[in-house]
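Here is the structure we will look at.
The values are calculated or read from the model by the stated rules, or taken from the named source; none is laboratory data. Only a predicted model underlies this, so the values are computations on that prediction, with no experimental measurement involved. Glycine also receives a Cβ, built like all others from the backbone with ideal geometry; neighbour counts cover every protein chain displayed. Calculation scope for accessible area: heavy atoms of the full protein, side chains included, ligands and nucleic acids excluded. Shrake-Rupley method; radii C 1.70, N 1.55, O 1.52, S 1.80 Å.
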Amino acid sequence: MYAPTRRTFIRQAACAALTTSGLLNTIFDLRRLSAATIPNTGDYKALVCLFLFGGNDANNVIVPRDASGYASYAAARGALAIPQGSLLPLTLQGGDGRDFGFHPNLAELQALFNQGHLGIVSNVGTLVAPITRAQYLAGGAAVPPQLFSHADQSVQWQTSVPDQISRTGWGGRLADVLESLNGESQISLSISIAGTNTFEVGNTVLPYIVSSNGSIGLSGFDGSANANVRLQAFRDLLALPHNNLFEQAYSDTVSRSIAANELLTTALANLPPMQTVFPDTALSRQLNMVARLIAARTNLSMRRQIFFCSVGGYDTHGDQLTGQANLLTELSQGLNAFYSATAELGVAQDVTAFTASDFGRTFPTNGTGSDHGWGSHQFVLGGAVQGGRLFGTFPTLAVNGPDDTGQGRWIPTTSVDEFSATLATWFGVSPSDLPTVLPNIGRFANPNLGFFG
Amino acid sequence: MRPLFQYAGRSAVAAIFLALCASTAHAISGAVNISTRMVVETGDNVLIGGFIVYGTGQKTVVVRALGPSLPVTGTLNDPVLELHDAGGALIATNDNWRSSQQDEIIAAGLAPGDDRDAALLATLAPGNYTAVVRGVNDATGVALVEVYDLDGENPTARLGNIATRGHILTDNDVMIGGFFIRGDVPKRVILRVRGPSLHLNGAPFAGRLMDPTLELHAGDGALMMENDSWRSSQQAEIHASTLAPTDDREPAIVATLAPGSYTFVARGLNNTTGIALIEMYDLDQPPQADGSTLFLALLRPQGGVNSQGSGTASMRLSADETQVILSFQFSNLTGPITSMHIHGPGGVILFDIDEPMPQPDGTYIWVFTPVGGFTVAEIIAWLRSGQLYINLHTAAYPLGEISGFFHLSTGAEIAPEPTPPPPLPSGTPTLTDAGRFLSQATFGATEALIATVQSQGFDAFLNQQFAAAPSSHLAFVDASGVDPLTMTQTRDAWWTLAISAPDQLRQRVAFALSEFFVVSNSTGDLGNRPGALPAYYDVLVRGAFGNFRQLLEDITLNPAMGRYLDMLRNERANASGTRLPNENFARELMQLFSIGLYNLNLDGSLTLDSSGFPIATYGQEAILGTAAVCTGWTYAQTTVPPIFNPPANWREPMVNVASRHSPGSKTILNGVLIPAGQPAEEDLRNTLDTVFNHPNVGPFFCRQLIQRLVTSNPSPGYLYRVTAVFNDNGQGVRGDLQAVVRAILMDYDARGSARTGQGVGHLREPVIRVTTLLRAFRASSPSGKFSLRGANTALGQEAMHSPTVFNFFTPDYSAPGPIAAAGLKSPEFEITTETTVITIANYLRSGIYVYLGPGADRVTLNLATEQALAANPAQLVDHLNVLLMASSMSTEMRNILINAVTQIPANNPTERARTAIYLVINSPEFAVDK
């Protein structure tokens, strides 16, 4: 049986970093902090991380529509440029006079934006510390390691500590801090509909993985005498202790699954049917299950929920115009259905969904697609979001312009830390707990980007 | 840039080498120059000088070969200089120094005195390099080779040196070298002479000097230090440098030398002669940004400990020397740590790591206080002389399972040769041995194969498997008669061959290769491109026992891979530069298919620079250059000359259309410059050669192959031994995959090591659990095909269905919780979730109780043997233990199973058999292959 000891917090640091102003958690810190600072106001909140794997080319998601802005965009993008007439106009609130449009396949998100439920955060990316183009080109200033590698950047988006090897994700650390709000709930605060991930791994809270169909139960046990013998023997096997850690982990996974399945299946079965219709796509099926788990929150005794969903295929090195169009249709319809579902459940203002992706993509094309970039634009969606606005700083869309590393890969002006901190703060983390969740936040100027007002 | 060199003395056929260390802003130490002169002969007796670039970043050097300008008689008339990288690939060459870089050489102040002298300027990434000097047209004569460091103030990349061989004779024909330390502060160096330890391709070097001696003289000739055997006087210091000779007869001297000139003399004891190698290394650490000093330790099992465990540790001594920050990691111990300490000489415990709380980032702070009668000054002196060690204790090894001494981090650490493992038992394999072997070497043991291996032995089985004809997936799908071919036929081929093909080992290795050189139906509808995926898979099947270099080329030119990673019809940049070559394949070629992201030692550990950080293998420039190499390639075709958009051809390697290929020069891995104007085939050949010869390929590839076949956590020794075979199969061939497979399966860690440790083995991949079930119980179908359906959904895995090019799981995944805390990798757990464990169990249940595959062609098990044994539950369970678990079933599990089977009515042998099989195949103990 795994019992935490001091020794279990040995971090997998390959070497001592020169300085670590950021701090990763220990359970002792958490318990001290949680007891002192968690408000007990009976509210409910959910965060939904929608990870677009491959690196979404947001350069074609939100495009300048004014004459000169569009002209520069089109000149540089070449074959990848979206025709100006196809762009879906956006109405920017708050006196922002800029003229932008969405990719033509984002009609539902256009509506949500113009209704004020969807916001855009511009040019977000992994950063060790703020960096200018001049500093980047001169070398010497710290940048996240392996900037254009899918695996590394995906992990760094999820951990939000690019300059350290971290086993935990910021969502997991967030769950650690707020875990007590869920009291005696038997289901993990963090649920993934998309398999294992780093985002939801905490020091104490680990993600519970379900499928789009919910949890799955063992089949072939019909209550007959022979089946019962087999079932009992199986349970006995699962109760054996194992010296081999792989055996023990496998056994624990099966045991957890069986226990949670009974609870989850009951909780989901007792829900009234939902009116909102979700499209039949992989993404929407995931979001549908998220909506149902939100509906079951009271049955599951959960005041806080963190969900992880994902879609792949965004690595549009080739055939981007067709490939990305299909993906964006799925994204737009899925998020729209999800928002409607939360409205139907009366929790629209309590649920915030946000996108994340490995990186953006190069501004010039490689022929029919684009290559790995860096900073990109992300969506935030929910009733609490001050939608209809662009947050952060939109990059200058020029190769070798002030925001470019050199081949149209934008240097982020907003860090993943700031983006995540805004979400975490809304979710209920106090300012004193924030560095526990986001150790590097002190290096950046805007821990609250303001998209919740 | 002031080179200052002096040469004093001569030697017969030997080069001494040059070592230049960049002086830093803090002027800790000035440069050390050695140059030497020798007679350049022909063939192997040319002049070879070696040097190492350490640290991070690039270093700019000028290498010169002087002949005609030397003020002596008998000079080499026209020296030619070659610069080679670690793998032997030629980086640059020069015959006459004015021919290509005249301006730069003059600007550096290094213009040779004669136009026939050779010189070149190169910017080099960290690594080993050799400079070879020959005479044009095999002329001979005296020449001088030199290396100059042009980055005088650059603290991040430094030069060290290695030596090359020389023939030491007697009297004046011993090896004499001079060197000069410049700057204004002393430099700490180690000098050593290798003789007995000289090996070539794994065998002792013929004619080596068996007992060398070493003398160090001051500039005025006065003898300063001498040594015959390194343990005799400075053992602790030499050991702390991590560069201790591996043979006790070899001499070494550690010295801190003030600026000035010195000579060293290497001779044979008692006037013996032979070939020797002299080396000198810089032991200074460049200043750390905060004034601290970094010490590193490599943790390995010591003494009689039989463990696969390993680890690393670091201690950072504060600038004011009052405390250290301790950090360490470990992996693969036999059990949880029971205690951990820092010890001094004689084992005195100086620091109990359990006592303080770890810092929030996991490090520990040790504030120095007097301990056990020893003062703080003594403790610090021990630290600096390499006499402190860290020891991790476990229940199995209460005196310490792994430990290591701390030494100054210089960026010059090399992986130690592992202690040889115990010998394997002789004789033919037992039932258990055979079963364990077959779970690694096939898609599942059968009764027949267990008997075969038992009677023939492992080697005979391997030989037979290496010789067996490869089973072709493409031939299988073509024989199906279905037109057009779809993913269904590809799946049928894979399952049928995995389950029933006689070339089991080849098919199992091909599957492992498919998880390394990933191509899947997730992109470009490749599953429905007729024959595309089976044709690709056949490349892996054919290449499984061939050479890695050939395999690398074959996957690069395969059209399915081209489609998957965008090399197919990738075009050169357009004139305005608004369209650049696609980088996808170029990046994954290096990141996933050959060398990975960081420099590795031979045992798979990260090479660290002097600040303790890993060293990246390549940068964005190499990707841009490689992407340009990967342009112009399209489907094979009959049209001559080839056109860029012919009909799809999935069955033959791609061909190149010259007009679509980037014509300019391209900088690729290791800073290698591919000249402009070469045909694409030549560009590609140069690129693949450079990649193939990078020293990372062995440890990077072999580790993953071991992970797929044997264990998720190979010990450093296991990986070192297998990498050695990859680097040289014993006949001088690099990349011999058949030899590598044999080395993996026949190593002590696979055949002889214990199966009961906490981190032994690996979780069986879901598809292999299915093939194991179907093979063990002689599954069959009416048609003979195994047309499994729904496998990917139920198992979360299926061949050629990977969601991304990163395979279903990554080599470094550690399941959160106790596995990660123990420092263990567990790749297969990345797809093991609360959902998949149940869906897999349900799928296996269908295979046992119902059938798999379509209703019209059901795959069912033959349980005749098991039904016959069912009357005796213990016999049935024991039979399954041998057949499925290589006798590893615990007593507790056996009791539960026997008890359950007994409760099933005896007149229902089918149900008894199925119950027992279900319980075994879904048990945690079976889930882990060990």
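Per the listing B:T839, B:T860, the residue uniquely more than 11 Å from every other protein chain (Cβ to nearest Cβ) and either buried (at least 17 other Cβ atoms within 10 Å of the Cβ) or within 21 Å of A:F221 (Cα to Cα) (or both) is B:T860.
The residues of region B:639-686 that are surrounded by fewer than 16 Cβ atoms within 10 Å (Cβ to Cβ), in a loop (DSSP other than H, G, I, E, B) and of a type in the set (D, E, K, R) amount to a single one, B:E652. Cβ-Cβ distances below 6 Å connect the following pairs, each with a first residue in region B:96-123 that is farther than 14 Å from B:V145 by Cβ and at pLDDT 90 or above, a second residue that is open to solvent by 40 Å² or more (accessible area, probe 1.4 Å) and assigned to a helix (DSSP H, G or I), and a separation of six or more residues or different chains: B:L121/B:E104. Inside region B:287-307, residues that are more than 13 Å from chain A (Cβ to nearest Cβ) and in a loop (DSSP other than H, G, I, E, B) make up a count of 6. Just so you know, in region A:428-450 the residues that are farther than 20 Å from A:L127 by Cβ and among the small types (G, A, S) include one that is surrounded by the fewest Cβ atoms within 10 Å (Cβ to Cβ), and it is A:S432.
Taking the criterion of being of a type in the set (A, V, I, L, M, F, W, C) and either touching a Leu at 6+ places or on another chain (Cβ under 7 Å) or over 18 Å from B:G274 (Cβ atoms) (or both), the residues of region B:205-229 that qualify are B:F205, B:L214, B:L216, B:A218, B:A222, B:L223, B:M224, B:M225. Please determine whether any residue of region A:225-235 is closer than 23 Å to B:E828 by Cα, open to solvent by 20 Å² or more (accessible area, probe 1.4 Å) and within 7 Å of chain B (Cβ to nearest Cβ). There is no residue in region A:225-235 that is closer than 23 Å to B:E828 by Cα, open to solvent by 20 Å² or more (accessible area, probe 1.4 Å) and within 7 Å of chain B (Cβ to nearest Cβ). If only residues of region B:237-270 that are surrounded by fewer than 15 Cβ atoms within 10 Å (Cβ to Cβ) and not polar (S, T, N, Q) are counted, the one that is nearest to B:I190 (Cα to Cα) is B:A258.
Any chance region B:603-613 includes a residue that's within 14 Å of chain A (Cβ to nearest Cβ), under 27 Å from A:G373 (Cβ atoms) and assigned to a helix (DSSP H, G or I)? Checked against the condition, which is being within 14 Å of chain A (Cβ to nearest Cβ), under 27 Å from A:G373 (Cβ atoms) and assigned to a helix (DSSP H, G or I), region B:603-613 yields no hits at all.
Within region A:196-210, is there a residue that is in a helix (DSSP H, G or I) and among the charged types (D, E, K, R)? No, because not a single residue in region A:196-210 is in a helix (DSSP H, G or I) and among the charged types (D, E, K, R). Selection of region A:249-261 for residues being more than 7 Å from chain B (Cβ to nearest Cβ) and out of contact with any helix residue (DSSP H, G or I) (no Cβ under 7 Å at 6 or more places or on another chain) yields A:D252, A:I258, A:A259, A:N261.
Matching residues to (1) facing chain A (nearest Cβ under 9 Å); (2) in contact (Cβ under 8 Å) with a residue 40 or more places away in the chain:
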| position | (1), (2) |
| --- | --- |
| B:S890 | yes, no |
| B:I896 | yes, no |
| B:N899 | yes, no |
| B:A906 | no, no |
| B:I917 | no, yes |
| B:P924 | yes, no |
| B:V928 | yes, yes |
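In region B:532-555, the count of residues that are away from chain A (no Cβ under 11 Å), open to solvent by 10 Å² or more (accessible area, probe 1.4 Å), modelled with pLDDT of 95 or more and in a loop (DSSP other than H, G, I, E, B) is one or more. Answer with yes or no whether B:M561 is surrounded by 23 or more Cβ atoms within 10 Å (Cβ to Cβ), more than 9 Å from every other protein chain (Cβ to nearest Cβ) and assigned to a loop (DSSP other than H, G, I, E, B). Taking the combined requirement at face value, the residue does not satisfy it.
From the list B:F809, B:F777, the lone residue that is within 14 Å of chain A (Cβ to nearest Cβ), open to solvent by less than 10 Å² (accessible area, probe 1.4 Å) and of a type in the set (F, W, Y) is B:F809.
Answer yes or no as to whether A:P272 is open to solvent by 50 Å² or more (accessible area, probe 1.4 Å), over 19 Å from A:I209 (Cβ atoms) and more than 8 Å from chain B (Cβ to nearest Cβ). So A:P272 fits the description; yes.
Output the residue which, of all residues in region A:339-392 that are among the hydroxyl-bearing types (S, T, Y) and more than 15 Å from A:Q324 (Cβ to Cβ), is surrounded by the most Cβ atoms within 10 Å (Cβ to Cβ).
Ranking the candidates gives A:T342 first.
For region A:400-426, a tally of residues being within 21 Å of B:S576 (Cβ to Cβ) and not in a loop (DSSP other than H, G, I, E, B) returns 2.
A Cβ distance below 7 Å, combined with a sequence gap of six or more or placement on separate chains, defines the contacts here; from region B:616-633, residues that are within 11 Å of chain A (Cβ to nearest Cβ) reach residues that are among the charged types (D, E, K, R) in the pairs B:I623/B:E583; B:I623/B:R587; B:A627/B:E583; B:T631/B:E571; B:T631/B:R572; B:T631/B:R660. Within region B:573-600, the set of residues being more than 10 Å from chain A (Cβ to nearest Cβ) and open to solvent by 30 Å² or more (accessible area, probe 1.4 Å) comprises B:A575, B:L600.
Across region B:744-771, what is the total count of residues that are within 14 Å of chain A (Cβ to nearest Cβ), among the hydrophobic types (A, V, I, L, M, F, W, C) and open to solvent by 10 Å² or more (accessible area, probe 1.4 Å)? Steps first, please.
Our first condition is that a residue be within 14 Å of chain A (Cβ to nearest Cβ); within region B:744-771, this holds for B:753-766, B:769.
Checking the rest, the ones that are also among the hydrophobic types (A, V, I, L, M, F, W, C) come to B:754, B:760, B:763.
With the extra rule that they be open to solvent by 10 Å² or more (accessible area, probe 1.4 Å), the set shrinks to B:754, B:760.
Going through region B:744-771 one residue at a time, the tally reaches 2.
Please work out if B:G625 is on the phi > 0 side of the Ramachandran plot and not β-branched (V, I, T). Criteria not met by B:G625.
Within the bounds of region B:472-483, is there any residue that is open to solvent by 10 Å² or more (accessible area, probe 1.4 Å), part of a helix (DSSP H, G or I), charged (D, E, K, R) and more than 22 Å from B:T804 (Cα to Cα)? Yes.
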